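Quick notes on the structure that follows.
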Amino acid sequence: MDADHVPSEITEILITDEQLQRRLAEVAAQVDADYAGRDLLLVGVLKGATIVVADFMRHLKSHVTVDWMAVSSYGSGTQSSGVVRILKDLDTDLEGRNVLVVEDILDTGLTLSWLLSNLKSRGAESVEVFTLLRKPEALRIPVEPKYVGFDIPNVFVVGYGLDYAERYRNLRQVGVLDPRVYGG
Ligand code: 5GP
């Protein structure tokens, strides 16, 4: 789906699909160089990071394995609750592994900081983060991702995996959702 298929719902396209792919290729080249000669496990955070992981891992030129975790912090609203629950845990033992957590968006940092301390306690050799999007103005807990796709303003965005009430994940672009859609 493209933003112009739902023109009354998306007020602005923040990042086009070409810009997304170009940036993913740049980050993948950096990750290839940084992890050369080491094993790498991508941990995708469901469901928002599915499309980032799918595209990003195909830009990598080295072998990689992938596993998934599902955590919940939001429900179907648009404000972070700070309450994190594991809905689906990893199948992989992290002992001695180099882990790169792939996130769709870093907002307040509540979810990611909780997730990182959880993963770090499992004996991994290293745990780093690639977040496609980051809202620097919204950050409440210091989390320093090793790789960031794009810094964006503090607005509610959808598309490229990111949802509102489970819709818009299949939008090709990252766009700003019209507040009228969520009654804002
Ligand atoms: P945090 O705990 O950093 O505040 O929020 C992280 C999670 O909140 C993300 O993984 C995502 O699920 C959700 N989130 C935060 N900001 C946005 C946004 O602008 N759009 C959407 N769709 N989800 C968001």
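Do the conditions hold for Val99, that is, is it near the ligand (Cβ under 10 Å from one of its atoms), surrounded by 14 or more Cβ atoms within 10 Å (Cβ to Cβ) and of a type in the set (Val, Ile, Thr)? Let's see the steps before the verdict.
On the way: near the ligand (Cβ under 10 Å from one of its atoms): no; surrounded by 14 or more Cβ atoms within 10 Å (Cβ to Cβ): yes; of a type in the set (Val, Ile, Thr): yes.
Answer is no for this residue.
Inspect the stretch 127-145 for any residue being among the aromatic types (Phe, Trp, Tyr), touching a Ser or Thr at 6+ places or on another chain (Cβ under 6 Å) and surrounded by 14 or more Cβ atoms within 10 Å (Cβ to Cβ) and give the result as yes or no.
Kept after step one, since they are among the aromatic types (Phe, Trp, Tyr), are these residues of the stretch 127-145: 130.
From what is left, the residues that are touching a Ser or Thr at 6+ places or on another chain (Cβ under 6 Å) are none.
Within the stretch 127-145, not a single residue is among the aromatic types (Phe, Trp, Tyr), touching a Ser or Thr at 6+ places or on another chain (Cβ under 6 Å) and surrounded by 14 or more Cβ atoms within 10 Å (Cβ to Cβ).
Check the stretch 22-31 and report whether any residue there is under 16 Å from Gly159 (Cβ atoms) and either away from the ligand (no atom under 16 Å from the Cβ) or in a strand (DSSP E or B) (or both). Full working, then the answer.
Residues of the stretch 22-31 that are under 16 Å from Gly159 (Cβ atoms), as a first pass: 23-24.
So of that shortlist, the ones also either away from the ligand (no atom under 16 Å from the Cβ) or in a strand (DSSP E or B) (or both) come out as 23-24.
Yes, that holds for at least one residue.
Among the candidates Leu112, Leu100, which residue alone is within 13 Å of Phe130 (Cα to Cα) and modelled with pLDDT of 95 or more? Talk me through it step by step, then tell me what you get.
Values: Leu112 fails: modelled with pLDDT of 95 or more.
Being within 13 Å of Phe130 (Cα to Cα) and modelled with pLDDT of 95 or more holds for just one of Leu112, Leu100, which is Leu100.
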Mind telling me which of the residues Val53, Val6 ends up being among the β-branched types (Val, Ile, Thr), surrounded by 12 or more Cβ atoms within 10 Å (Cβ to Cβ) and within 16 Å of the chain's Cα centre (by Cα)?
-> Val53
Test result for Asp89, under 22 Å from Glu166 (Cα atoms), away from the ligand (no atom under 12 Å from the Cβ) and without any contact (Cβ under 8 Å) to a residue 24 or more places away in the chain = yes
Qualifying positions in the stretch 32-64 - under 22 Å from Thr111 (Cβ atoms) and either free of Cβ contacts under 8 Å to residues at least 40 places away in the same chain or assigned to a helix (DSSP H, G or I) (or both) = Thr50, Ile51, Val52, Val53, Ala54, Asp55, Phe56, Met57
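In the list Gly175, Gly149, Gly161, Gly123, which residue meets the criterion of being among the small types (Gly, Ala, Ser), closer than 25 Å to Arg97 by Cα and either within 12 Å of the ligand (Cβ to nearest atom) or under 15 Å from the mean Cα position of the chain (by Cα) (or both)?
Numbers: Gly175 fails: closer than 25 Å to Arg97 by Cα; Gly161 fails: closer than 25 Å to Arg97 by Cα; Gly123 fails: either within 12 Å of the ligand (Cβ to nearest atom) or under 15 Å from the mean Cα position of the chain (by Cα) (or both).
Result: Gly149 is the single residue among Gly175, Gly149, Gly161, Gly123 that is among the small types (Gly, Ala, Ser), closer than 25 Å to Arg97 by Cα and either within 12 Å of the ligand (Cβ to nearest atom) or under 15 Å from the mean Cα position of the chain (by Cα) (or both).
Just to be sure, is Asn118 in a helix (DSSP H, G or I) and either at negative phi or surrounded by fewer than 20 Cβ atoms within 10 Å (Cβ to Cβ) (or both)? Write out each step before concluding.
Details: in a helix (DSSP H, G or I): yes; either at negative phi or surrounded by fewer than 20 Cβ atoms within 10 Å (Cβ to Cβ) (or both): yes.
Yes, satisfied.
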What are the residues in the stretch 102-116 that are among the small types (Gly, Ala, Ser) and either within 6 Å of the ligand (Cβ to nearest atom) or over 15 Å from Val45 (Cα atoms) (or both), if any?
-> Gly109
For the stretch 42-53, does any single residue satisfy the condition of being over 19 Å from Leu20 (Cβ atoms) and among the charged types (D, E, K, R)?
-> no
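The values are calculated or read from the model by the stated rules, or taken from the named source; none is laboratory data. What you see is a predicted model, and the numbers here were worked out from it, not measured in a lab. We place every Cβ from the backbone using ideal geometry, glycine too, and count neighbours over all the protein chains shown.
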